[in-house]
Amino acid sequence: MNPLENIRVVLVGTLYTGNVGSACRAMANMGLRHLRLAAPNLQNSWDEGERLAVHATDIMNAREEFATLEEAVADCVAVVGTTAREGLYRQHAKAPRDAAAEILEKAATGPVAIVFGREDKGLLNEEIAQCTHLLRIPVDEGYTSLNLSQAVLITAYELFSATGRYMPPHEKSAAAPQAQKAQLMKNWAQMLLEIGFMKEEQRDHFMQGFQRLFSRGICTKDDAALMLGVARQVGWAVRNRGA
């Protein structure tokens, strides 16, 4: 099972539908699908929310609404609160990256709530008291306040990254063998001699420089084949320029 399916993003006392829509977009980016609103205090229409959700309106439209945070997290095996503030009841907060593995372990056993507070006040102490874990996103101490959807995105990103599901792109071409690289150096040297870039007695000096350059950038068979083609074509053009 994908543990992200058990993550419930819970927004408490949210004021603006635009933040809800933006949070939905952030959730969709990171594979989260379940949104809950606890005691929403929305000050505007859902038009802005729909506009900012872009292609994640399905998450917004499927949201669940609860009168209290207690009701919103009643079925959860862990309740992870987020806070920018410090204090006696918040000093055990971890960075999302440090807590992500533990959160996913909990999510493998049942629903886990990731709780975000109001845009203007965050989570109140009585709401913090309902949380089993706390997160604090590392930011510059000169300005610690994050937009609600930004906080959702950063937290969701760390959870998504911790799943290991993302596979970075890789070269489609295999690594260039040494024989191909050696042939490239020979062809390149001959081409440079033919176009008058260097003289025979300068070959070793210049080719050591090109060897250093190519060793940092010619990594795959396709890379080497491209540069070999350049050397061959330039050589052909020089030999046939008077024809």
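The values are calculated or read from the model by the stated rules, or taken from the named source; none is laboratory data. Predicted model, so just to flag it, every value in this text is computed and none were measured. No Cβ is skipped: glycine too gets one built from the backbone with ideal geometry, and neighbour counts run over all protein chains shown.
Brief remarks follow.
- Qualifying position, being loosely packed, with under 12 Cβ neighbours inside 10 Å, hydrophobic (A, V, I, L, M, F, W, C) and either modelled with pLDDT under 95 or out of contact with any Pro (no Cβ under 9 Å at 6 or more places or on another chain) (or both), among 129, 113, 151: 129
- Where helices (runs of 4 or more DSSP H) sit wholly within the stretch 82-164, those with at least 2 residues that are over 20 Å from residue 5 (Cα atoms) and free of Cβ contacts under 8 Å to residues at least 60 places away in the same chain occupy 125-128.
- Listed by position, the strands (runs of 3 or more DSSP E) inside the stretch 1-73 whose residues that are farther than 25 Å from residue 101 by Cα number at least 3 are 64-66.
- Qualifying residue in the stretch 63-77 (condition: within 22 Å of residue 120 (Cβ to Cβ), among the small types (Gly, Ala, Ser) and over 23 Å from the mean Cα position of the chain (by Cα)): yes
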